[in-house]
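The values are calculated or read from the model by the stated rules, or taken from the named source; none is laboratory data. Quantities reported herein were computed from a predicted structural model and do not represent experimental measurements. With ideal geometry, Cβ positions are generated from the backbone for all residues, glycine too; neighbour counts draw on all protein chains shown.
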Amino acid sequence: MGKIDHDAVLRARVLLLGSGRPGLLEEVHAYRVLAEVSPKAYLPKLVDGLLSMSYRSRDPEVDLRLASEALAASRRIEPGAPSRAERLCRVLDVYQAALFALGRRAEGYVACEELAEAGQSGRLANILAEEGRFQEAAELNEKAARNGIPEHSFWNMVEWAANLEGAGLHDAASAVFCELLDETRREAAGQDTALAILTWELVHFSRMREAAGQGADAAAARREALAVLEELATTGEPKNWSCILGWWVTLFALSGRVDEPAASAESPMPPFGTNLKWSRDTRDAFLGTLPELEAKAVGLREAGRLPELVDVQRRISIRAALREGDHPYRFGERFRPYFDEGVALARRLPDDPARLARALTDRSMFLAAARTFEPAFADFAEAVALIDAR
């Protein structure tokens, strides 16, 4: 500890004990001063104040400076002090997010490793998935699921299954997803979850089994999804649910992972299957390809290269959904043109029923998200007939 400025200490105490409420910046400055003379009392307050400042910031450079100071302060809190570990994890989370936003992935990775050592492995799993290290990510997902995180949470189970599938472990991925499906079926029967969510899960499971070469399993899942959609078209949802668009966005995006470049440390990709818990640099880079894809679509349309155009339009639709697909305001009006165009283009390929079935399925799942169940059922029924006729 350096030489103490007793006048500064007195001013800090007066500021905090005064009748007026000091501003956050003044408060944090007072905590900096008092943490030098009363660390036990004021280091935790300093950490909390610095975090509050970072939450109000929109600048990753500022976030990094604040988080770096908060990290140093949190490490000075006496080991075993109440909430020390929890504060350290909160600081590390802000710190790693700022590092990734600035493209400093190696340092961010080290912070995520420290978070994992403290029992919070979710961010490290995401980073591993971004770099294509799916099996390592899945091992962290399993450890977290078996150590107290709600095992059948949609978000945890979809992420785990996605990473297993990314690693080529199709049967293991299906087994995890089946656990989720069984739980969703039980919840839907008790009206504890939306039938639309059950439909999205069944359709995604059918894709998983088709990719694994298990056509019979895929067909059974499609038939079950069709029956649920028919119920929705006939009677609607038994209960009125709040916004569930995040479920649709997550599975729609995951269905498109196979059409994107392979993830690597040199060229990270989004951790498909997560609830948009991406590194900011990865998210910005992925969504930043929209103009390039739109320009490519124009060229393909002019050249009459329809099969490739259908595929590119789908990649555009997925990015649009990821960018703002969980915002309910005018949801159907904003997104319907993407899916109508996908179906219209695919119908111009009479010798390619697979692309039409995919486009119809995509639109059906979107329409279910828009709570327009009768046309959703019609689209999916047509898709199932096309697939069954192959």
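Looking only at segment 72-89, which residues are assigned to a helix (DSSP H, G or I) and surrounded by fewer than 19 Cβ atoms within 10 Å (Cβ to Cβ)? I'd like the intermediate steps shown before the answer.
Kept after step one, since they are assigned to a helix (DSSP H, G or I), are these residues of segment 72-89: 72-76, 84-89.
Matches in segment 72-89: ALA72, ARG75, ARG76, ARG84, ALA85, GLU86, CYS89.
What's the number of the condition GLU139 fails, among (1) within 19 Å of the chain's Cα centre (by Cα); (2) modelled with pLDDT of 95 or more; (3) under 21 Å from THR282 (Cα atoms)?
Only one criterion in (1) within 19 Å of the chain's Cα centre (by Cα); (2) modelled with pLDDT of 95 or more; (3) under 21 Å from THR282 (Cα atoms) is unmet by GLU139, namely (3).
Of the conditions (1) surrounded by 14 or more Cβ atoms within 10 Å (Cβ to Cβ); (2) of a type in the set (A, V, I, L, M, F, W, C); (3) closer than 17 Å to ALA381 by Cβ, ALA188 fails just one. Which one is it?
(3)
Given the conditions (1) at pLDDT below 85; (2) under 31 Å from the mean Cα position of the chain (by Cα), report the number of the one that ASP93 does not fulfil.
It fails just one condition, (1).
Could you grab me the full set of residues in segment 126-150 that are in a helix (DSSP H, G or I) and within 20 Å of GLU266 (Cβ to Cβ)?
Going through segment 126-150, the residues in a helix (DSSP H, G or I) turn out to be 126-130, 134-146.
Those that are in a helix (DSSP H, G or I) and within 20 Å of GLU266 (Cβ to Cβ): ASN126, ILE127, LEU128, ALA129, GLU130, PHE134, GLN135, GLU136, ALA137.
Could you grab me the full set of residues in segment 363-378 that are outside any helix (DSSP H, G or I) and of a type in the set (A, V, I, L, M)? Let's see the steps before the verdict.
Going residue by residue through segment 363-378, those that are outside any helix (DSSP H, G or I) are 370-372.
Of everything in segment 363-378, just one residue is outside any helix (DSSP H, G or I) and of a type in the set (A, V, I, L, M), namely ALA370.
Note down all Cβ pairs under 6 Å where the first residue falls in segment 284-309 and is farther than 15 Å from ARG348 by Cβ, the second is among the hydrophobic types (A, V, I, L, M, F, W, C), and they're at least six residues apart or on different chains.
LEU293/VAL312; LEU293/ILE316; LYS296/VAL312
Regarding segment 272-294, can at least one residue be identified that is touching a Lys or Arg at 6+ places or on another chain (Cβ under 7 Å), within 25 Å of ALA383 (Cα to Cα) and not aromatic (Phe, Trp, Tyr)?
No, segment 272-294 has no match at all.
Would you check if ARG283 is surrounded by 13 or more Cβ atoms within 10 Å (Cβ to Cβ), outside any loop (DSSP other than H, G, I, E, B), modelled with pLDDT of 95 or more and not hydroxyl-bearing (Ser, Thr, Tyr)?
Numbers: surrounded by 13 or more Cβ atoms within 10 Å (Cβ to Cβ): yes; outside any loop (DSSP other than H, G, I, E, B): yes; modelled with pLDDT of 95 or more: no; not hydroxyl-bearing (Ser, Thr, Tyr): yes.
Taking the combined requirement at face value, the residue does not satisfy it.
Scan segment 1-42 for residues that are basic (Lys, Arg) and either over 22 Å from ARG56 (Cβ atoms) or at pLDDT 80 or above (or both) and jot them down. Break it down stepwise before answering.
Restricting attention to segment 1-42, the residues satisfying the condition of being basic (Lys, Arg) are 3, 11, 13, 21, 32, 40.
The answer is LYS3, ARG11, ARG13, ARG32, LYS40.
Being more than 30 Å from GLN135 (Cα to Cα), surrounded by fewer than 21 Cβ atoms within 10 Å (Cβ to Cβ) and over 28 Å from the mean Cα position of the chain (by Cα) is the requirement here; does PRO307 meet it? Can you show your working first?
Working: more than 30 Å from GLN135 (Cα to Cα): yes; surrounded by fewer than 21 Cβ atoms within 10 Å (Cβ to Cβ): yes; over 28 Å from the mean Cα position of the chain (by Cα): yes.
Considered against the rule, which asks whether it is more than 30 Å from GLN135 (Cα to Cα), surrounded by fewer than 21 Cβ atoms within 10 Å (Cβ to Cβ) and over 28 Å from the mean Cα position of the chain (by Cα), PRO307 comes out as yes.
From the residues in segment 256-280 that are touching a residue at least 60 places away in the same chain (Cβ under 8 Å), under 21 Å from TRP200 (Cα atoms) and not charged (D, E, K, R), which one is surrounded by the fewest Cβ atoms within 10 Å (Cβ to Cβ)?
First, pick out the residues of segment 256-280 that are touching a residue at least 60 places away in the same chain (Cβ under 8 Å): 256-257, 262-265, 268-275, 277-280.
This time we only want the ones that are under 21 Å from TRP200 (Cα atoms), so: 256-257, 270-275, 277.
Right, trim to not charged (D, E, K, R) and you get 256, 270-275.
Details: GLY256: 18, PRO270: 25, PRO271: 29, PHE272: 26, GLY273: 28, THR274: 23, ASN275: 16.
The residue in question is ASN275.
When the residues of segment 218-262 are narrowed to those that are of a type in the set (D, E, K, R), within 26 Å of the chain's Cα centre (by Cα) and outside any loop (DSSP other than H, G, I, E, B), which ends up nearest to PRO328 (Cα to Cα)?
ARG257
I'd like the full set of residues that are assigned to a helix (DSSP H, G or I), under 28 Å from the mean Cα position of the chain (by Cα), small (Gly, Ala, Ser) and over 15 Å from LEU181 (Cα atoms), limited to segment 203-217.
Residues of segment 203-217 that are assigned to a helix (DSSP H, G or I), as a first pass: 203-211, 215-217.
Next, only the ones that are under 28 Å from the mean Cα position of the chain (by Cα) stay: 203-211, 217.
Pick out the ones that are also small (Gly, Ala, Ser) and you get 206, 211.
ALA211 - this is the single residue of segment 203-217 that is assigned to a helix (DSSP H, G or I), under 28 Å from the mean Cα position of the chain (by Cα), small (Gly, Ala, Ser) and over 15 Å from LEU181 (Cα atoms).
Kindly list the number of the only condition in (1) at pLDDT below 95; (2) crowded, with 19+ Cβ neighbours inside 10 Å that fails for LEU360.
Among (1) at pLDDT below 95; (2) crowded, with 19+ Cβ neighbours inside 10 Å, LEU360 violates only (1).
Write out, first by first residue and then by second, each pair whose Cβ atoms fall under 6 Å of each other, whose residues are 6+ apart or on separate chains, and whose first residue, in segment 216-240, is within 17 Å of THR361 (Cβ to Cβ) while the second is in a helix (DSSP H, G or I) and charged (D, E, K, R).
Cβ pairs passing all conditions: ASP217/ARG209; ALA218/ARG209; ALA218/GLU210; ALA233/GLU374.
Go through (1) surrounded by fewer than 16 Cβ atoms within 10 Å (Cβ to Cβ); (2) at pLDDT 95 or above; (3) among the basic types (Lys, Arg) for LYS239 and report which single condition fails.
So the condition that LYS239 fails would be (2).
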